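Notes to accompany the following structure.
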Amino acid sequence: MASTLALCSWSLHRHLPARGKAPAETPISLPDFIRVARERYDIGQVELCQVHLDSYKYRYLDTIKAALGRYNVRAITMPIDVGNISELDPVKREADIRLIMRWIDAAAYIGIPAVRVNSGRQPEGQFDLQITINSYRTLVSYGKMINCKILMENHGGISADPGNIAKIVQGVNSNWFRLLPDFGNFDPTTRYEGLQTMLPMAAVVHAKTLDFDERGEQTAYDYDLCMRLVAQSGYQGPLSIEYEGEGDEYEGIAKSRDLILRYITAAAA
């Protein structure tokens with residue numbers, strides 16, 4: 001497991017302003033987050049969540065590019081949280097895909113090599129997985145033109161089912177389509193089976209943490225098993241901190257970093 005460490009901006013979501021959300025606790029900007037990743041945690045890779053970007057306009061994106069350069073930090077993904085690519089109404093779905101493409105453009109302009117696009121949802125009893133597959137194919141074709149891969153995360157909706165994920169991967173059938181498995185997002189009954197399904201196709205892993213015990217261990221699920229599954233899969237990409245606990249986010253990131261680094265160090269020994 002020759003993996004590296006990354007930090008997702010969602011780990012500080014209570015401090016980062018997001019459109020349509022409640023005001024941040026102690027507001028910081030996205031350039032501040034990039035600085036904190038490097039100066040406070042010595043982490044040189046970040047995920048920049050689309051909800052934390054003020055705009056997809058180039059003038060604003062130039063400030064993000066400048067911060068990445070200033071602190072010598074590389075943005076590895078942009079998780080995108082707009083649109084529903086599985087929308088049954090073709091007019092609405094096309095509008096959502098066009099909006100997602102604008103954010104893919106933004107990621108490519110910054111120099112981010114991959115974006116995460118959610119699988120979306122469909123009404124109960126009206127299941128059509130081919131719509132999802134075709135939407136991903138459209139986005140993959142677009143991303144390929146501008147050198148940006150499309151990632152799917154187990155992020156609720158259609159992607160909550162590991163079987164659906166396997167069918168979508170098979171249906172899209174492209175090297176420009178990869179997965180972003182998240183330790184915490186599957187139902188407990190399918191968590192480890194789902195991670196085993198996703199890890200062979202992973203480009204990034206969300207090594208999600210919740211709250212910690214007094215020994216610095218994450219207790220919401222079997223973190224050791226999750227890491228063993230990562231190692232067994234042969235995955236060697238970024239392990240991204242996505243702290244979602246109830247405690248202080250800055251402290252939660254530090255504890256997450258220390259926990260994940262123990263696994264990285266042990267694997268390298």
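Quick check: anything in the stretch 92-112 in contact with a Gly (Cβ under 8 Å, 6 or more places away or on another chain) and not in a helix (DSSP H, G or I)?
no
Within the stretch 43-59, identify whether any single residue is assigned to a helix (DSSP H, G or I), at negative phi and of a type in the set (S, T, Y), and answer yes or no.
First, pick out the residues of the stretch 43-59 that are assigned to a helix (DSSP H, G or I): 50-52, 58-59.
Those left that are additionally at negative phi: 50-52, 58-59.
After this cut, where a residue has to be of a type in the set (S, T, Y) as well, the list is 58.
Yes, the conditions are met somewhere in the stretch 43-59.
Looking only at the stretch 194-225, count how many residues are among the acidic types (D, E) and either in a strand (DSSP E or B) or in contact with a helix residue (DSSP H, G or I) (Cβ under 6 Å, 6 or more places away or on another chain) (or both). Show your work before the answer.
The first filter runs over the stretch 194-225 and keeps only residues among the acidic types (D, E), leaving 211, 213-214, 217, 222, 224.
Cutting the leftovers down to either in a strand (DSSP E or B) or in contact with a helix residue (DSSP H, G or I) (Cβ under 6 Å, 6 or more places away or on another chain) (or both) gives us none.
Total satisfying the criteria: 0.
Can you tell me how many residues in the stretch 226-250 are in contact with a helix residue (DSSP H, G or I) (Cβ under 8 Å, 6 or more places away or on another chain), outside any strand (DSSP E or B) and within 20 Å of E214 (Cβ to Cβ)?
Of the residues in the stretch 226-250, 4 are in contact with a helix residue (DSSP H, G or I) (Cβ under 8 Å, 6 or more places away or on another chain), outside any strand (DSSP E or B) and within 20 Å of E214 (Cβ to Cβ).
Just to be sure I understand the filter: pairs with C-beta atoms under 7 Å, separated by 6 or more residues or on different chains, first member in the stretch 53-72 and under 20 Å from H15 (Cβ atoms), second member among the hydroxyl-bearing types (S, T, Y) and modelled with pLDDT of 95 or more. Which pairs pass?
Once the first residue is under 20 Å from H15 (Cβ atoms) and sits in the stretch 53-72, its partners that are among the hydroxyl-bearing types (S, T, Y) and modelled with pLDDT of 95 or more give D54/Y60.
Where residues in the stretch 217-269 are under 22 Å from Q196 (Cα atoms) and among the β-branched types (V, I, T), which of them is surrounded by the fewest Cβ atoms within 10 Å (Cβ to Cβ)?
Looking at residues that are under 22 Å from Q196 (Cα atoms) and among the β-branched types (V, I, T), I get T219.
The values are calculated or read from the model by the stated rules, or taken from the named source; none is laboratory data. Everything numeric here is computed off the predicted structure, so don't read it as measured data. Here Cβ is always computed from backbone atoms with ideal geometry, including for glycine, and neighbour counts include all displayed protein chains.
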